[in-house]
Amino acid sequence: MMRRVRKAIFPVGGLGTRFLPATKAMPKEMLPVVDKPLIQYAVEEARAAGIEEFIFVTGRGKTTIEDHFDHSYELEHTLEARGKTAELEALRAWLPPAGDVAYTRQQVPLGLGHAVWCARDLVGDEPFAVLLADDLILSKTPALKQMCDIYPEVRGNMVAVMDVPKAHTQRYGILSPGRDDGRLVQVRGLVEKPKAEEAPSTLAVIGRYILEPAVFAHLDKKSKGAGGEIQLTDSLVPMIGTSPFHGYRFEGQRFDCGDKIGFFEAQIAFALARADLGPAAQAVIKRYT
Ligand code: G1P
């Protein structure tokens, strides 16, 4: 029986040290690109892909994320009293229905693999998605939807991939590619953050995954990898050859919003892409170039 991908994990427990001082008292996932927090882009993308259950793996200091996905009675009441119905409807439109959101705390930031492992009981025995909010993707079809659309044909594990400069392999999980039809790439091997001279290719994992629940058994071992962290990538390696495993070259432009310049570029690209702001943004940019 074909199992649809219904659940998504959002690991949001990271400290955001690359973005200090902005992230001292505010979760990095709440940083806005134009007028929307990074985490909301990720949740909307998941929703567009048919996800019905949203599982946040949080940590201390992240309660504004929970507040963001809840009603704000005072605000809604004020908008209503002032007759701002469009704003009110817009605010309510993207709120996940009650009971569709779950939160669990990572307690100690031991790595991405550990964050995903923390959600094991909430996921149970079915395939699930993982979205990393600081990988922001501008595309015609939301990136996770592209993956969910092709998933029934391939099943198994699937990770979003893109080519990166050779000098940047140390920032990513890197594939050892097999058969490659330009869109789907067979995964022969996977290594987390290899040095340029040791990288098997320049094909990097980007923060969108569809994974088999069998990954939890590997994460259970809690082996430490690159940077002394429990890496999601390492737990996927023993699954190569046991079930299908593909990299998916998504259509769209990805911005590394965990990086200052990447985040800055995302502001420009997303503002330019907006029908309501594009021309004004263009005029501003012209003044500086
Ligand atoms: C994580 C993953 C890495 C992946 C990257 C994509 O790394 O561990 O495999 O390539 O996300 O953004 P992080 O950026 O959390 O160090």
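The values are calculated or read from the model by the stated rules, or taken from the named source; none is laboratory data. Remember, predicted model here, so these are calculated numbers, not experimental data. In this analysis, Cβ positions are derived from the backbone assuming ideal geometry, glycine residues included, and neighbour counts consider all displayed protein chains. Ligands, DNA and RNA are excluded from the accessible area calculation, which covers all protein heavy atoms including side chains. Shrake-Rupley method; radii C 1.70, N 1.55, O 1.52, S 1.80 Å.
Across the range 9-35, which residue is nearest to residue 215 (Cα to Cα) among those that are among the charged types (D, E, K, R) and exposed (fewer than 14 other Cβ atoms within 10 Å of the Cβ)?
24
Only helices (runs of 4 or more DSSP H) wholly contained in the range 69-163 count here; list those with 3 or more residues that are in contact (Cβ under 8 Å) with a residue 24 or more places away in the chain and either touching a Ser or Thr at 6+ places or on another chain (Cβ under 7 Å) or open to solvent by 20 Å² or more (accessible area, probe 1.4 Å) (or both).
112-118, 143-154
Could you check the range 7-18 and list, in sequence order, the residues that are of a type outside the set (Lys, Arg) and touching a Gly at 6+ places or on another chain (Cβ under 7 Å)?
Scanning the range 7-18 gives a single hit, 13.
Among 202, 242, which is the only one that is of a type in the set (Val, Ile, Thr), at pLDDT below 95 and surrounded by fewer than 22 Cβ atoms within 10 Å (Cβ to Cβ)?
Result: 242 is the single residue among 202, 242 that is of a type in the set (Val, Ile, Thr), at pLDDT below 95 and surrounded by fewer than 22 Cβ atoms within 10 Å (Cβ to Cβ).
Condition first: closer than 17 Å to residue 97 by Cβ, small (Gly, Ala, Ser) and either out of contact with any Pro (no Cβ under 9 Å at 6 or more places or on another chain) or open to solvent by 60 Å² or more (accessible area, probe 1.4 Å) (or both). Now tell me which residues in the range 36-67 satisfy that.
Answer for the range 36-67, where residues must be closer than 17 Å to residue 97 by Cβ, small (Gly, Ala, Ser) and either out of contact with any Pro (no Cβ under 9 Å at 6 or more places or on another chain) or open to solvent by 60 Å² or more (accessible area, probe 1.4 Å) (or both): just 50.
Scan the range 12-25 and report the pairs whose first residue is away from the ligand (no atom under 11 Å from the Cβ) and of a type in the set (S, T, N, Q) and whose second residue is open to solvent by less than 100 Å² (accessible area, probe 1.4 Å) and modelled with pLDDT under 90, with Cβ atoms within less than 6 Å and a gap of 6+ or a chain change.
Note: pairs meeting the criteria are 23/16.
For the range 245-263, which residues satisfy the criterion of being surrounded by 20 or more Cβ atoms within 10 Å (Cβ to Cβ) and either modelled with pLDDT of 95 or more or not small (Gly, Ala, Ser) (or both)?
245, 246, 247, 248, 250, 254, 255, 256, 257, 263 - these are the residues of the range 245-263 that are surrounded by 20 or more Cβ atoms within 10 Å (Cβ to Cβ) and either modelled with pLDDT of 95 or more or not small (Gly, Ala, Ser) (or both).
Inside the range 213-229, can you point out the residues that are open to solvent by 10 Å² or more (accessible area, probe 1.4 Å) and either within 16 Å of the ligand (Cβ to nearest atom) or assigned to a helix (DSSP H, G or I) (or both)?
Once the filter is applied, which keeps residues that are open to solvent by 10 Å² or more (accessible area, probe 1.4 Å) and either within 16 Å of the ligand (Cβ to nearest atom) or assigned to a helix (DSSP H, G or I) (or both), the range 213-229 yields 216, 217, 218, 222, 223, 224, 225, 226, 227, 228, 229.
Restricting to the range 164-186, what's the tally of residues that are within 10 Å of residue 203 (Cβ to Cβ), open to solvent by 10 Å² or more (accessible area, probe 1.4 Å), of a type outside the set (S, T, N, Q) and within 15 Å of the ligand (Cβ to nearest atom)?
Total meeting the criteria: 3.
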